[in-house]
Every structure is written in C-alpha cells, then in structure tokens.
C-alpha cells in the first residue's frame, strides 16, 4: 500500500483528501505545517507528497527544497493562485506536478497514481520491504534514515541485494560492474565503503558478509 503525505493547514481539506485517498487504497499521513512535514519525512519513507504552497510557518517552495534533501518521492504542489511563475518556481525546486485549487478528488488521485506508475515503470524506484531505493538520485531510504551512494556503490549494493541466494567472488564483481582492467583491490575498497555507509541500516538491510571460499553476500537482517 503506497504511503502518501498530505501537507495542508486547512483541517477540512486534510480530512476530505485523506478520506478519499484512503478509500482509494493509499496509506495517508497528514501534516499541518512545513515543520511537521519535515518531521514526518524523517520518520518514514513516502511514495508521494502532496503539499500546499501556503503554509503558516514556511512556504511550500521552501518545504519542497528541504524535502528534496530527504526524499526523491514525487511532489505534487497545490495552490490557490494559478500563476505561471509559481509553477515554474515549484518545478525548478524539485516539484513534479502542480494543481490549482479547487481541484477534483478524482483528479488528485489520478495524478498520484500516474506519478507512482511512472516511477515504477521506468525502473527508477526499487523497494524491498521497508527499504526504498532511488536509482536516479542513488539514495537508499530505511526507517532509520537515508544515505546517498556513489554509482558504483549503488551498483554493488543492488547486485548483492537483488541476488540474496548468490555469493559473488571479487573476480565476478569486477567482471560484472567494471568490465575493464581495474585492479581487483577496487572491489574490496568499495565493499568497505558500502559497509560503513549502510551500517546504520543493518536491521533492515542486513550485513555484507564474506564467505572466503564462495564470495560476498548480504546476510538477512
């Protein structure tokens, strides 16, 4: 069930939107201020964020920019003013869509569904239980927090994580991920870096182990 975060300081709008999206099969969390929204974003991962631009503490543009340091989930921005300049600003700050109030609930749920479908269909997002991976931004999200990886670190992590029943020798990893004359010691260096970066997420990801006869694998948490 996709997780949706609704950010709006109007309790009536929150209640109506939440009821509709819950009925549509979404797991909905709400926040009435930008500050509370940031707290929610640090507490768990969301598949889509719907935020009002006019908030009592910080404006939606500032919130959108802050949210992009935490999550890569699609952001749909809502406003009472249909100003082209605001739309461009929102999109430039990391927003993915823009809706002007009043809007129909069916259109809102359709927009959310479209963004979720687009994200999964192009292979950008990968999820394993409570682990959420954004291939484009090279970010791994868990309930314990987020971490950004280099491209090779992400490739290595996915190789091990998507093949839980297989163990990879250094030679196999080198051939699969580098495909050139890179020194084999590079594999050990990347394994070490990956272990350090993902140490906080062991309860959700597991640990990179080394069976000295058969190779590297990720043990189950």
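The values are calculated or read from the model by the stated rules, or taken from the named source; none is laboratory data. Owing to the predicted nature of the structure, the values given are computational and were not obtained by experimental measurement. Glycine gets a Cβ as well: all are built from the backbone with ideal geometry, and neighbour counts include every protein chain shown.
State which residue is surrounded by the most Cβ atoms within 10 Å (Cβ to Cβ) when the search covers only the range 103-137 and only residues that are assigned to a loop (DSSP other than H, G, I, E, B) and at pLDDT 85 or above.
Checking each candidate, the answer is 103.
Among (1) closer than 30 Å to residue 74 by Cα; (2) surrounded by 12 or more Cβ atoms within 10 Å (Cβ to Cβ), which single condition is residue 208 missing? Of (1) closer than 30 Å to residue 74 by Cα; (2) surrounded by 12 or more Cβ atoms within 10 Å (Cβ to Cβ), only one is false for residue 208: (1). The residue list 160, 177, 149 contains one member that is closer than 15 Å to residue 194 by Cα, crowded, with 17+ Cβ neighbours inside 10 Å, without any contact (Cβ under 8 Å) to a residue 40 or more places away in the chain and in the same structural domain as residue 203 (by TED's automatic domain parsing), which is 177. Number of residues in the range 3-41 that are touching a residue at least 40 places away in the same chain (Cβ under 8 Å), in contact with a strand residue (DSSP E or B) (Cβ under 8 Å, 6 or more places away or on another chain) and either not in a loop (DSSP other than H, G, I, E, B) or not assigned by TED's automatic domain parsing to the domain that holds residue 67 (or both): the value is 7.
Could you list, in sequence order, all residues of the range 59-70 that are surrounded by fewer than 23 Cβ atoms within 10 Å (Cβ to Cβ) and either in contact (Cβ under 8 Å) with a residue 24 or more places away in the chain or within 13 Å of residue 6 (Cα to Cα) (or both)? Correct list: 59, 61, 62, 65, 66, 68, 70.
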